[in-house]
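The structure appears right after this line, and notes come after that.
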Amino acid sequence: MTPRWLESLRPYWAGNGFDPRNKTLLLAVSGGCDSIALLELFHRKKLSSKLTAVHVNHRLRPDADSDQEFVEHVCRERNIPLEVEVLDPVSRPARQSLEMWGREHRYTAFAHARKKFNADFVLTAHHRDDVVETFCLRIWRGTGFSGLAGIPFQRAGGIVRPLLPIRKTDLAEWLSSLGTTWREDGSNTDESIPRNWVRHQLLPEWRKKESDLDERIFRLTQDISGLQPSWHHWSNATYPVDEVISRGGIPMEWLRDGETDASLLRRLLPLIGIEKPSPEVLAEIDRQAQEQSQGLKVRVDEARVLCEKNGVLVSLRITQPAKRTLGQGSKRIKV
């Protein structure tokens, strides 16, 4: 049975330069509805010359091993080669969030499997609901122009999101019509997780008042995505990397001109050693730059601080204070 939305995908793929024909494709399969729909679509419709799959077991949930067994069974039934990567949560650095740790290791596993199978593309099952939720989360947490583009159709490493315009309900309905089952992630109901709160609380209420909300947000993200090349050209010309390097920091006049949003800061800060600034750090840089004529100082984490020095913003390491004993019977304090 051909899904009714498949024909709408073909021109979308073509417009984004994606042609799966005569390609070796690596499918990222978690076992959930979205990834199983991705697998079924490319397997049943013979959309490529060769399919392989990769499953990452994060070992973060009690049923993670059962998910892995399910994916192994699905791929075995369809004669699709499968690479399984099992992670060790104990190896996560103490300061790194579980979300970031899992994301980094997933994409590392995808890169290894792509090389092993000599795949042209790695396909993930992101869909329109993911785009809408990501857009809302970025507005909530704070974002710049680039962040408003949501989830890109393609990213570095040959990653492609072929289902991006399709609603999750459409994927689930198609799988149900086929009699194909999938695994449910119990953590998706935990509303202490921001994305789940957006999914289960914010968006349902918003949709009651705006029935075409998802379509409008998706269209907006696509428009912004199309403007990205022009934006990058402008930002590179207006805030050149060479000047940051030659002056040894980010010129403070750039930060105080009212034009440097979060997207620009995310491009500039890695040049001075801050690879992944938090939204809070970005907001504080902007606040101080606009409110203070000099002396900007923003703490990044336990080890680094951003300071204004000689007219540029630089990153400095915080040295641990030495311990000094004040004498017998006294308390040991840090000075």
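The values are calculated or read from the model by the stated rules, or taken from the named source; none is laboratory data. Note that the coordinates shown come from a computational prediction; the quantities given were computed from them, not determined experimentally. Every residue, glycine among them, receives a Cβ derived from its backbone with ideal geometry; neighbour counts consider all protein chains shown. Surface areas here come from the heavy atoms of the whole protein model, side chains and all, with no ligands, DNA or RNA. Shrake-Rupley method; radii C 1.70, N 1.55, O 1.52, S 1.80 Å.
Restricting to helices (runs of 4 or more DSSP H) lying wholly in segment 164-238: which have 3 or more residues that are touching a Phe, Trp or Tyr at 6+ places or on another chain (Cβ under 7 Å) and either more than 23 Å from Ser97 (Cβ to Cβ) or among the polar types (S, T, N, Q) (or both)?
Working: elements: 168-178, 194-197, 203-209, 213-238.
Correct list: 213-238.
Residues of segment 298-317 that are touching a helix residue (DSSP H, G or I) at 6+ places or on another chain (Cβ under 9 Å) and within 16 Å of Trp254 (Cα to Cα): Leu306, Glu308, Asn310, Gly311, Val312, Leu313, Val314. Scanning segment 133-147 for any residue that is in contact (Cβ under 8 Å) with a residue 40 or more places away in the chain, touching a strand residue (DSSP E or B) at 6+ places or on another chain (Cβ under 8 Å), open to solvent by 30 Å² or more (accessible area, probe 1.4 Å) and of a type in the set (S, T, N, Q) turns up nothing.
Arg95 meets all of the listed conditions (1) at pLDDT below 95; (2) more than 24 Å from the chain's Cα centre (by Cα) but one, namely (2). For segment 39-50, does any single residue satisfy the condition of being within 23 Å of the chain's Cα centre (by Cα), more than 19 Å from Gly158 (Cα to Cα) and of a type outside the set (Val, Ile, Thr)? No; the residues of segment 39-50 include none that is within 23 Å of the chain's Cα centre (by Cα), more than 19 Å from Gly158 (Cα to Cα) and of a type outside the set (Val, Ile, Thr).
So how many residues does segment 295-308 have that are outside any strand (DSSP E or B) and modelled with pLDDT of 85 or more?
Pass one, segment 295-308, residues outside any strand (DSSP E or B): 295-296, 300-303.
Of the ones still in play, those that are also modelled with pLDDT of 85 or more are 295-296, 300-301, 303.
Total meeting the criteria: 5.
Only one entry in Arg161, Arg183 is basic (Lys, Arg) and without any contact (Cβ under 8 Å) to a residue 60 or more places away in the chain, namely Arg161. Mind listing whichever residues of segment 4-47 are open to solvent by less than 20 Å² (accessible area, probe 1.4 Å) and β-branched (Val, Ile, Thr)? Selection gives Val29, Ile36.
Listed by first and then second residue, the pairs with beta-carbon distance under 9 Å, at least 6 apart or on different chains, first residue in segment 195-210 and closer than 15 Å to Asp130 by Cα and aliphatic (A, V, I, L, M), second part of a helix (DSSP H, G or I) and open to solvent by 70 Å² or more (accessible area, probe 1.4 Å), are Val198/Trp140; Leu202/Trp140. Residue check: is Ile274 in contact (Cβ under 8 Å) with a residue 24 or more places away in the chain, outside any helix (DSSP H, G or I) and touching a strand residue (DSSP E or B) at 6+ places or on another chain (Cβ under 9 Å)? Answer is yes for this residue.
In contact with a Phe, Trp or Tyr (Cβ under 7 Å, 6 or more places away or on another chain) and either open to solvent by less than 40 Å² (accessible area, probe 1.4 Å) or assigned to a helix (DSSP H, G or I) (or both): is that true of Val90 in this structure? Answer is no for this residue. Examine segment 259-271 for a residue that is β-branched (Val, Ile, Thr) and either in contact with a Lys or Arg (Cβ under 8 Å, 6 or more places away or on another chain) or modelled with pLDDT of 90 or more (or both), and state whether such a residue exists. Within segment 259-271 (the criterion being β-branched (Val, Ile, Thr) and either in contact with a Lys or Arg (Cβ under 8 Å, 6 or more places away or on another chain) or modelled with pLDDT of 90 or more (or both)), the answer is no, since none of the residues qualifies. Selection of first residues in segment 11-32 that are more than 29 Å from Val84 (Cβ to Cβ) and of second residues that are open to solvent by 10 Å² or more (accessible area, probe 1.4 Å), restricted to Cβ pairs under 8 Å at least 6 apart or on distinct chains, gives the following pairs, ordered by first then second residue: Tyr12/Pro165; Asn16/Phe153; Asn16/Gln154; Gly17/Gln154. Looking only at residues in segment 58-84 that are of a type in the set (D, E, K, R) and at pLDDT below 95, the one that is least open to solvent (accessible area, probe 1.4 Å) is Asp63. Look at (1) touching a Gly at 6+ places or on another chain (Cβ under 7 Å); (2) under 18 Å from Leu25 (Cβ atoms) and you find that Ala109 fails only one, number (1). Suppose the filter is without any contact (Cβ under 8 Å) to a residue 40 or more places away in the chain, under 18 Å from His105 (Cα atoms) and not charged (D, E, K, R); does Asn57 pass it? Here the answer is yes, as Asn57 does meet what is asked. Kindly indicate whether Cys136 is part of a helix (DSSP H, G or I), at pLDDT 95 or above and under 30 Å from Ser278 (Cβ atoms). So Cys136 fits the description; yes.
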